[in-house]
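A quick write-up on the structure given underneath.
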Amino acid sequence: APGGSMIFPQRGSSDAVIVDQIFYFILAISIVFFVLIVGVMLLFVFKYRRTDHAAPEKSASHSNTLEAVWSIIPAILVAIIFIWGFSGYMEMRQAPDDSYEIHVIAQKWSWSFQYPNGHIEPDLHVPADTNIQLVMTSNDVIHSPYIPSFRLKMDVVPGRYNKTWFRAIDPGSETKEYDLFCAEYCGDKHSTMTAKVVVHPSGEFEKWLEDAANFLERMTPEEGGEVLYR
């Protein structure tokens, strides 16, 4: 699976790549420095260990070159991580002008996704290979929609609107489902505040939306009970 590993689930959006790349870059740096530092430490522990017959020896000296190296190299690495991460963050924050807008309302303990035609769903349905902008708010406390496969998370705050966007990868001929969680503790049933992100293949989303809206409009209490979503 593209982007799938023991650390990350399969990638489901185009922006997931840069998140993975930065993570693995930081992981590689951490491993290199861990091995280097611990290796040198163990070498010194063994080489300069105290023995009963060894006379005390003072051999420490100052090296301006070494001090410059261990200051400049980390500074360069931190700058690379910052520039790379900030660039990716800004790209993920600024939705393209042609984005398809879906309104998200969070409340204890469910999600509501409202489409431009007024239809509301408890799961997020989106067309593949299309820029999707989520305009989000909360009816009670802070929530945070988190889609692991999209590497996407954004807090939803009551009394204001937050926005984020993504572009789902085309799943081919069949629909593809991804998990959506709330990543901000919001009460007793926080762990049950889940939903599905359903990615429809190119050309099928419009038909699904029309059929879903028409079906609910046709429902009567005798046919389906109380209508919760319109």
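The values are calculated or read from the model by the stated rules, or taken from the named source; none is laboratory data. Just so it is clear, the structure is predicted and the values come from calculations on it, not from any experiment. No Cβ is skipped: glycine too gets one built from the backbone with ideal geometry, and neighbour counts run over all protein chains shown. What goes into the accessible areas is simple: the full protein's heavy atoms, side chains included, and nothing from ligands, DNA or RNA. Shrake-Rupley method; radii C 1.70, N 1.55, O 1.52, S 1.80 Å.
How high is the FRET efficiency between ILE80 and ILE31 when r is their beta carbon distance and R₀ equals 22 Å, given to the nearest 0.05?
0.85
Once the 1.4 Å probe is applied to the protein heavy atoms, the chain comes out at 64 Å² accessible per residue. In this structure GLU91 has an accessible area near 100 Å², from a 1.4 Å probe over the protein heavy atoms. Using the Cβ-Cβ distance between VAL38 and LYS153 with R0 set to 45 Å, the FRET efficiency from 1/(1 + (r/R0)^6) comes to roughly 0.85. Shown for segment 102-222: lysine pairs separated by 8 or more places, or found on different chains, whose C-alpha atoms are under 24 Å apart, numbering 13. Solvent-accessible area of LYS176, all protein chains in place: 70 Å² (probe radius 1.4 Å, heavy atoms, ligands and nucleic acids excluded). For the pair LYS189 and ASN214, label points projected 7 Å from Cα toward Cβ lie 3.3 nm apart. Taking every C-alpha pair closer than 8 Å and separated by at least 6 residues, the mean separation divided by the residue count of the chain gives a relative contact order of 20 percent. Take every DSSP beta bridge whose two residues both sit in the chain, then give the antiparallel share in percent to the nearest 5. The antiparallel fraction comes to roughly 65 percent.
State the dimensionless ratio Rg/Rh of segment 115-174 (Rg: radius of gyration of Cα atoms; Rh: Kirkwood radius).
Details: Rg = 12.8 Å, Rh = 13.0 Å.
Here the Rg-to-Rh quotient is 0.99.
So what's the projected area for segment 65-150, the Cα convex hull averaged over all directions, in nm²? Before the final figure, lay out each step's value.
Values: hull surface 35.2 nm².
Mean projected area for segment 65-150: 8.8 nm², to one decimal.
In segment 155-219, the C-alpha radius of gyration followed by the widest Cα-Cα span (Dmax) gives 15.6, 40 angstrom.
How large is the translational diffusion coefficient of the chain in µm² per second when you combine the Kirkwood radius over alpha carbon pairs with Stokes-Einstein at 37 °C and 0.692 mPa s?
Working: Rh = 21.5 Å.
It comes out at roughly 152 µm²/s.
Mean projected area of the Cα convex hull of segment 84-199, taken over all directions, amounts to 7.6 nm². Counting only protein chain heavy atoms and rolling a 1.4 Å probe, the accessible areas of VAL45, VAL199 rank, largest first, as VAL45, VAL199.
For the pair segment 141-167 and segment 70-109, the centres of their Cα atoms are 13 angstrom apart. Roughly how many percent of the accessible protein surface of the chain is carbon and sulfur, given a 1.4 Å probe and a whole-percent answer? Taking all protein chains in place, the chain shows 60 percent carbon and sulfur surface. How high is the FRET efficiency from ASP179 to HIS103, r the C-beta distance, R0 30 Å, rounded to 0.05? E between ASP179 and HIS103, to the nearest 0.05, is 0.90.
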